[in-house]
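The values are calculated or read from the model by the stated rules, or taken from the named source; none is laboratory data. Note that the structure is predicted; figures quoted are calculated from it, not measured. Here Cβ is always computed from backbone atoms with ideal geometry, including for glycine, and neighbour counts include all displayed protein chains.
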């Protein structure tokens, strides 16, 4: 695809620019859709309808209207806030999750950058998110924000351990950190004759690994039941309390981008990425993008589903869950997968 | 002249202490409310925090004070007090009216007929269910579960529909009058109520599956805000909050008013099933099972309700009670609601004092919240189930 | 270990049960009413807005007195003998011009206490709930259909008639006195004369009180209760005065006495109020 664009435009920097904003477009369109979907899912789970008016059909334009409203709103910075950090925080937050999309193969024809340490890069750059949240919480000069930020620090640092360990167990199987290669390894329908060659079917322990990964990913993206940094019924809005207008909108966008990012990573690592579940049927670069986003959206939907079902954990229980259950379990799982790999290969 | 400046309760914050590694730590004072999503209105709790742990909690009230008692004295007719009574505990207006009407009837020696008594009891119990639904729903909301809240509201709406058919209002009914009722119930009242009972029983089970026995919910509420029975009694806590501590005290059973002695129902008490006796979960589950008991009462009352009877029969032309005073207490969804009324033989009350259960129950908050975390504060406030309209009056 | 496993089982079972419930609700019919497009069928007793059928209103002020928030203001003028205001649909004879009937829906607490005492069922709650406005004065509903000119005319007419009546009465009394004086040295005569004097004074005072009360009611805000009561009583006295037209002298005398007493009390109260202000 890059070659095609290069031949078409015959200018290096422009092509790179066009090429590199593809994920941004996807994120923006996805965020508009996902926020609408979240409202609809929430509505119907609660026997309501959700947005119905804006745009005509089932309120499809509601998020666009909200976005326009947010752009018009006054950009309020509290008088006693640290202005520079306060204004920077949302951008860093978004940059962190946007940057991570570089290493994700959206289809067989598209990956932002073919870096060999893709997984490592994603893990590293998403950690920036917690920095930005601490910045936001501290700079707001608000006690609720500060509490939220402190929770985030503890939460993100803790949950990175099980995330990395479960990713590591996949890497044992694939032997590469490059996500494109990880995906390519999962093509074909060889497993048990009809199931796709996805890593989740590799061994029973892989299912557990995915499970652990998913829980940790929920915590990393601050979704219910792990939404302690913002927990609106306790901390008012957590680190977002003092934000308004588009800066708040950027945090919102980051949250949804983060959901998609972790879902896509999960889909790539466990569910064959852009591979079609039907072997060569419906396969190809464009179909690949479709499958990739579909798998991502399914996981995003499950996150929403959980959000509208479960209450929220308390901060000490969150830590308990991580350090007492997830981390030991993921290490044990890592060892078991390693043994499985030794025995059956 | 004495200054009227309000003296705010002392909040002592310890001076910064060294944490031993060159850093200093200090307690933090946070105002929880009056604009806070989980203080159920306009309660302000002044929290002193050590990190996330509550060192002290001082509730500040009065943000919703509307001079209920003074308003009552200004009314030139006892009947005019009823709309004001509605506005005390605005999620359980029927129970408030019931208590006030009973107090006035006792004072004037009015006997109401059986049909009126039955309708009053059915309305009061429906209102109890509606109020408990709101309490458990918002409690779930405080813990972070949004969906059960709206499921509860759907059921509550059905009850409000029944009320609306009978009285014309959905929240502040002015339905139970001194000596009778505003209107007789509509013709399809019995059917509506029976339908509601039939559709509501499975909903209680669903609520239990979705919220009460959810592991995260149990973890958040069990062993949190433990209120031992002795402390509860000492503070004068009443209602489900008291029964959650295992004290079997229900005015409907222990000091029967109206016709409650006719009905067969259990007094639900907390058992400490998920944690310590008297924790937030116990207080919560008492409300859930009390809804079931209320259904039982309603069913029995519907069966024994006489079809004939004029609801206006004993409404006095002019309410002019003899000089004297009365204290009449009833069991509202929040606890013991008592009216102390003094009459000077005129048509206007000399004094109306309400012993509001929410106010008394709130007083226990500082005692049970020390050592909890900020997130537990929310659970504790939710489990005590206060209505600020009644706290401040 | 067993406890750990059973806990884990309990955890996942409860979470999946919950997810099952929310999944099921995803496909149940929603309860939302798409408001402007769809509307709930409201029961007939709904209390949403007050409405007054002025054809039936007899100006008795019972609703005004029943209101716990004083949101109803009524002003009345006695009708003169030559005017026939007709009857209400319930058969009550109308004797008062209702020149003002304002309900402030911004104050109204929708308790319906005003609806029940109405003897002619002319004040009712109606099913109209879309009357929000940007100006709270728009929420003051005026039901009286009398124009200011009409009101003035009616009041002027009443004053004229009362003047005439008073003159007539004085003449009658003078004639009586004369007759009595002529009839001999009756000591009762002096008493009658003095009583006649007070009677006339009282009537004047009553009218003054009534007018003043009306003014006070219209201003409404100050001392709502006092004004309401006195104007209510004044209205009644007006009504009874209107009734006492062609009855025999005995009855009239008694009534006049009662009225005088009442008027005196009212005048006293008014004076007190004035001095307070």
Taking the criterion of being assigned to a helix (DSSP H, G or I), closer than 30 Å to residue B:218 by Cβ and within 14 Å of chain A (Cβ to nearest Cβ), would at least one residue in segment B:157-171 satisfy it? yes
If I go through segment A:194-236 residue by residue, how many of them are within 21 Å of the chain's Cα centre (by Cα) and touching a residue at least 12 places away in the same chain (Cβ under 8 Å)? 27
Just a yes or no: is a residue in segment C:53-61 within 14 Å of chain B (Cβ to nearest Cβ) and either touching a strand residue (DSSP E or B) at 6+ places or on another chain (Cβ under 7 Å) or without any contact (Cβ under 8 Å) to a residue 60 or more places away in the chain (or both)? yes
So is residue C:86 within 13 Å of the chain's Cα centre (by Cα) and away from chain B (no Cβ under 14 Å) or not? no
Does residue A:242 satisfy being touching a residue at least 40 places away in the same chain (Cβ under 8 Å) and within 13 Å of chain B (Cβ to nearest Cβ)? no
Which ones in segment B:161-178 are within 30 Å of residue B:209 (Cβ to Cβ) and within 17 Å of the chain's Cα centre (by Cα)? B:171
Give the number of residues within segment A:32-87 that are in contact (Cβ under 8 Å) with a residue 60 or more places away in the chain, within 14 Å of chain B (Cβ to nearest Cβ) and part of a helix (DSSP H, G or I). 4
Go through segment B:63-84 and report how many residues are closer than 20 Å to residue B:324 by Cβ and within 14 Å of chain C (Cβ to nearest Cβ). 8
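Conditions tested, residue by residue: (1) surrounded by fewer than 24 Cβ atoms within 10 Å (Cβ to Cβ); (2) in contact (Cβ under 8 Å) with a residue 12 or more places away in the chain.
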| residue | (1), (2) |
| --- | --- |
| A:132 | no, yes |
| A:145 | no, yes |
| A:150 | yes, yes |
| A:157 | yes, yes |
| A:160 | yes, yes |
| A:175 | yes, no |
What number of residues within segment A:112-135 satisfy the criterion of being in contact with a strand residue (DSSP E or B) (Cβ under 9 Å, 6 or more places away or on another chain) and assigned to a helix (DSSP H, G or I)? 1
State yes or no: is residue C:87 surrounded by 12 or more Cβ atoms within 10 Å (Cβ to Cβ), touching a strand residue (DSSP E or B) at 6+ places or on another chain (Cβ under 9 Å) and without any contact (Cβ under 8 Å) to a residue 24 or more places away in the chain? yes
Leading residue by the ranking (nearest to the chain's Cα centre (by Cα)) among those in segment B:17-40 that are part of a loop (DSSP other than H, G, I, E, B) and crowded, with 18+ Cβ neighbours inside 10 Å: B:40
Failed criterion for residue A:181 (all others in (1) within 16 Å of residue A:267 (Cβ to Cβ); (2) at pLDDT 85 or above hold): (2)
Hey, residue A:235 hits all of (1) closer than 22 Å to residue A:321 by Cα; (2) crowded, with 24+ Cβ neighbours inside 10 Å; (3) away from chain B (no Cβ under 13 Å) but one; which does it fall short on? (3)
Scanning for something within 14 Å of chain B (Cβ to nearest Cβ) and crowded, with 18+ Cβ neighbours inside 10 Å, does segment C:70-83 turn up at least one residue? yes
Kindly state which helices (runs of 4 or more DSSP H) lie completely within segment B:301-385 and contain at least 1 residues that are without any contact (Cβ under 8 Å) to a residue 12 or more places away in the chain. none
Can you name the helices (runs of 4 or more DSSP H) wholly within segment B:183-237 that have at least 1 residues being within 12 Å of another protein chain (Cβ to nearest Cβ) and on the phi < 0 side of the Ramachandran plot? B:189-207, B:215-221
When you go through (1) touching a strand residue (DSSP E or B) at 6+ places or on another chain (Cβ under 6 Å); (2) buried (at least 16 other Cβ atoms within 10 Å of the Cβ) one by one for residue B:332, which number turns out not to apply? (1)
